[in-house]
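Derivation of every value follows stated rules applied to the coordinates shown; laboratory data play no part. The shown structure was predicted, so the numbers you read here are calculated from the model rather than taken from an experiment. Virtual Cβ from ideal backbone geometry, glycine too; neighbours counted across all protein chains shown.
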Amino acid sequence: MKTQILSLFATTALIAASNANAADIDVKITNLTQGIYFTPLLVTAHSSDAMLYKLGEAASPELQAMAEGGSLDGLVAIVDSIGADTMANPAGGLLAPASSTMTNIMTSDGNTQLSIVGMMLPTNDGFVGLNSWSIPSEVGTYTIYLNAYDAGTEANNELVKDGSGAPGELGIPAAPGVAPGENGTGVTTTEENKMIHVHRGNLGDDNASGGSSDLHNTVHRWLNPVAKVTVTVK
């Protein structure tokens, strides 16, 4: 029976015998944006028959809680239950723009895939993600660039509302860094694509006391990729 993460999606990919062995890896994550913060990140090495999310599929409740409010509790509980090797919150809080964090993971036999997720602030349900990347068996340094994804669980109204981090509570829970605007009318109240997809990015506006968005169009916008991951296999 295949193990599933988050009611997730089992894969049937075969792995080379040499890649099934334990590994000692350093993982460095760099925030490439100019005005977006990453909430506590989840870095986990797990088996090849499970993944944290899948593009074009609906987000699990646990992924939704991370993408809308930054909570890792549900995801950590699940990866722990399947014997993944995990580091939660390596930065000890928010990862600021142009900042990096690093962690070391000793993977167990069979935990050949690396996944990383973390909410992006300020967004409604945007997250940075690495999905089931195969950890090389050969010693060396490897670089991966990560995109921003939309969980599809909340309309991107771009309005900052304290306490709105709970799933189903519309609004952006916080806007660290540059102070957000206020009194926005909302960019939208609906989300047509309810599946996990590449994020369109924040729109923002240049009206700090009104307009459609509480976000700044010169600070809170981005282009992919939003993060750089450097994996060193020892």
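Considering only lysines 8 or more places apart in sequence, or on different chains, count the pairs in the chain whose C-alpha atoms sit under 18 Å apart.
Values: 2/54; 28/228; 28/234; 54/194.
Step by step, the pairs that qualify in the chain add up to 4.
For the residues 134, 47, what sequence is obtained by ranking on other C-beta atoms within 10 Å, fewest first?
On the way: 134 13, 47 23.
Going from sparsest to densest Cβ surroundings: 134, 47.
Provide the descending list of Cα extents for the chain along its principal axes, expressed in whole angstroms.
Largest first, the chain extends 59, 35, 24 Å along its Cα principal axes.
Quick one: check the C-alpha center-to-center distance for region 175-222 versus region 93-153, whole angstrom.
24
Could you state, as a whole-number percent, how many of the C-alpha pairs of region 50-115 are farther apart than 13 Å?
71
Give me P(r) over region 105-234, computed from all C-alpha to C-alpha distances, binned every 10 Å, as integer percentages.
In whole percents, the pair-distance histogram is 12, 37, 27, 16, 7, 1.
Pick from 45, 148, 174 the residue whose mean-square fluctuation is largest in a GNM of the chain, springs joining Cα atoms under 10 Å.
Comparing 45, 148, 174 in a Gaussian network model of the chain, the most mobile one is 174.
Can you pull the three principal axis extents for the Cα set of region 126-192, in Å, largest first?
In descending order, the Cα extents are 53, 29, 19 Å.
Which of the GluC sites (Glu not before Pro) across region 138-196 are loop residues per DSSP, with 13 or fewer other Cβ within 10 Å?
138, 169, 182, 192
For the peptides 112-120, 83-91, what is the packing order when you average, over each peptide's residues, the other Cβ atoms within 10 Å and list the highest mean first? Walk me through the numbers before you get to the answer.
On the way: 112-120: 25.6, 83-91: 18.2.
Packing order, densest peptide first, comes out as 112-120, 83-91.
Residue 145 to residue 24: FRET efficiency via 1/(1 + (r/R0)^6), r the Cβ-Cβ distance, R0 30 Å, to the nearest 0.05?
Working: r = 23 Å, r/R0 = 0.78.
After rounding to 0.05, the efficiency reads 0.80.
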